[in-house]
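To start, the structure under review is shown below, and the notes come after it.
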2 protein chains.
Amino acid sequence: MNEEMLKGIKFDEKGLVPVVVQDVDTHVVLMLAYMNREALDKTLETGQMCYYSRSRQCLWVKGETSGNTQRMVTLSYDCDGDTLLARVKQKGVACHTGNYSCFFNHIAQEDAPATSGILEELYGVI
Amino acid sequence: MNEEMLKGIKFDEKGLVPVVVQDVDTHVVLMLAYMNREALDKTLETGQMCYYSRSRQCLWVKGETSGNTQRMVTLSYDCDGDTLLARVKQKGVACHTGNYSCFFNHIAQEDAPATSGILEELYGVI
């Protein structure tokens, strides 16, 4: 952990920073969650993703009750320091609905070339 | 465009919703941006990603000045309707710094197995 680097992270007026969570193996975007400084410290200390639940207003170790934990593999922040990206080893599914990814509601889809999505399909198979 | 589906999207108290932007070909997470309802409508109408700039407080068609446009391929929203995921065809780089992805500041990295990242490397080559 690099304290100097952590200074580059800008928490918002509520003390939170959004975290994009991506499966390091399948590359699927699983969810967007939020961290406060305490959740970030705990994640870095334990290697297990810990978020701040905005609805319950408390720390939330992902998978603590469901068993669907996320092990941190890489953690980065963006050019203006107001978003994190975590690439994780997802155990089971990420979404509380039982879906693998939280992003299962599709609004629009362009006519994509036939090759698009093949990689996810392959990952689903292996 | 499905008006019924769009009702499932929850804009926050500022009228914004965060959008995770992922390259549909390389699967790299490029950036997190924000949309208001107008930006969402414009994106769905034109197929080109349009965001709301929180700093400039105006609509912002991605790549309008730089040429680094993003064509929408799929657009989804998450289980609780407060985040969008856009998978896009990225022209050039996504970040204003000249980096391909905005997430180039690395905080932490677990000792990853040797296979991790190979896919991105392959995509970088082809």
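The values are calculated or read from the model by the stated rules, or taken from the named source; none is laboratory data. Just so it is clear, the model here is predicted, and its values are computed rather than measured. In this analysis, Cβ positions are derived from the backbone assuming ideal geometry, glycine residues included, and neighbour counts consider all displayed protein chains. What goes into the accessible areas is simple: the full protein's heavy atoms, side chains included, and nothing from ligands, DNA or RNA. Shrake-Rupley method; radii C 1.70, N 1.55, O 1.52, S 1.80 Å.
Comparing A:Arg37, A:Arg71, A:Arg56 in a Gaussian network model of chain A where C-alpha atoms under 10 Å apart are linked, the largest mean-square fluctuation is found at A:Arg56. Sorted largest first by accessible area at a 1.4 angstrom probe radius, with every protein chain in place, the residues B:Thr26, B:Thr65 fall in the order B:Thr65, B:Thr26.
Of B:Lys10/B:Lys62; A:Lys91/B:Lys91; A:Lys42/B:Lys91; A:Lys42/B:Lys89, which sit over 31 Å apart, Cα to Cα?
Where the Cα-Cα span goes over 31 Å, the pairs concerned are A:Lys91/B:Lys91; A:Lys42/B:Lys91; A:Lys42/B:Lys89.
What sits nearest the axis between copies B and A, counting only chain B Cβ atoms, is the residue and whole-Å distance B:His27, 2. The accessible area of B:Asp82, taken with all protein chains in place and a 1.4 Å probe, comes to roughly 40 Å².
Fully extended, how many nm does the chain gain between B:Phe11 and B:Val93 (0.36 nm per residue separation, minus their Cα-Cα distance)?
Contour length minus the Cα-Cα distance gives 26.7 nm.
Residues A:Val28, A:Val73, sorted by accessible area with the largest first, give A:Val28, A:Val73 [1.4 Å probe; ligands and nucleic acids excluded].
For B:Trp60, neighbours were defined as the other residues whose beta-carbon sits under 13 Å from its Cβ, and their charges (Lys and Arg +1, Asp and Glu -1) total +2.
Across peptide A:69-80, the mean count of Cβ atoms from other chains lying within 10 Å of each residue's own Cβ comes to 6.
The alpha carbon radius of gyration of chain B, expressed as a multiple of 2.2 N^0.38 Å, is 1.13. For the protein assembly as shown, the alpha-carbon radius of gyration amounts to 0.96 times the rule-of-thumb value 2.2 N^0.38 Å expected for a compact globular protein. Listed values for segment A:93-107 are Karplus-derived 3J(HN,Hα) couplings in whole Hz (6.51 cos²θ - 1.76 cosθ + 1.60, θ = phi - 60°), namely 9, 8, 9, 5, 7, x, 6, 4, 10, 5, 8, 10, 9, 9, 8, and x replaces Gly and Pro. Per residue of chain A, the DSSP helices (runs of n ≥ 4 H) give a summed -39500 (n - 2.57) that works out to -4500 deg cm²/dmol at 222 nm. If R0 is taken as 45 Å, the Cβ-Cβ distance between A:Arg37 and B:Leu44 corresponds to a FRET efficiency of 0.75.
Near A:Val88, once Lys and Arg are set to +1 and Asp and Glu to -1 for all other residues with Cβ below 12 Å from its Cβ, the sum equals +2. Peptide A:19-31 shows a mean partner chain C-beta count of 5 within 10 Å per residue C-beta. Accessible surface of A:Ile9, taken over heavy atoms with a 1.4 Å probe and every protein chain present, rounds to 10 Å².
In nanometers and ordered shortest first, the copy-to-copy spacing of the B:His106 label point, defined 7 Å from Cα toward Cβ, is 3.4.
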